[in-house]
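One structure is given here, and the rest of the page talks about it.
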Amino acid sequence: MPAYVVLKSPQRQSLTLPIDAVIRDGKGSTVWIQAGKNTFKSVMVQTGLESDDRIEIKSGLNSGDVVVLTGAYLLHSEYVFKKGADPMSGHNH
């Protein structure tokens, strides 16, 4: 006899980004934000729940930050290629 279960959870107000905007490695999660005209920097973020193609950002971003939504891995790769180092090396959180 089949049974249908519907799970409901309270609505949450949270900041989410496309999963592709977040770079995750063994040191944590980072996103690229615009630091100036044609200038970007990598910042550490704390992530939360994932749903479909979105990921919750719990902390690390400030109001008004402009986040790179597509091309984050390209920026990261270009940085490592040019600088020879991870942009978050030495950043201990």
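The values are calculated or read from the model by the stated rules, or taken from the named source; none is laboratory data. As the structure is a computational prediction, the values presented were derived from the model and not from experiment. Heads up, the Cβs are rebuilt from the backbone with ideal geometry, glycines too, and the neighbour counts pull from every protein chain shown.
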Requested in this report: Please go through the range 1-50 and pick out each residue that is in contact with a strand residue (DSSP E or B) (Cβ under 8 Å, 6 or more places away or on another chain) and of a type in the set (S, T, Y).
Outcome: S14, T16, S29, T30, S42, T47
Requested in this report: All but one of (1) touching a helix residue (DSSP H, G or I) at 6+ places or on another chain (Cβ under 8 Å); (2) part of a strand (DSSP E or B); (3) of a type in the set (S, T, Y) hold for T47, so report the exception by its number.
Outcome: (1)
Query raised in the report: For A3, are the conditions met, namely being exposed (fewer than 10 other Cβ atoms within 10 Å of the Cβ), among the aliphatic types (A, V, I, L, M) and more than 14 Å from the chain's Cα centre (by Cα)?
Result: yes
Report task. Sort out which residues of the range 69-85 are outside any helix (DSSP H, G or I) and over 16 Å from I33 (Cβ atoms), and write them in order of number. Result -> G84, A85
Query - Residue satisfying condition, being at pLDDT 90 or above and either among the small types (G, A, S) or farther than 29 Å from Q13 by Cα (or both), within set G26, G71, G60, G90 - result: G60
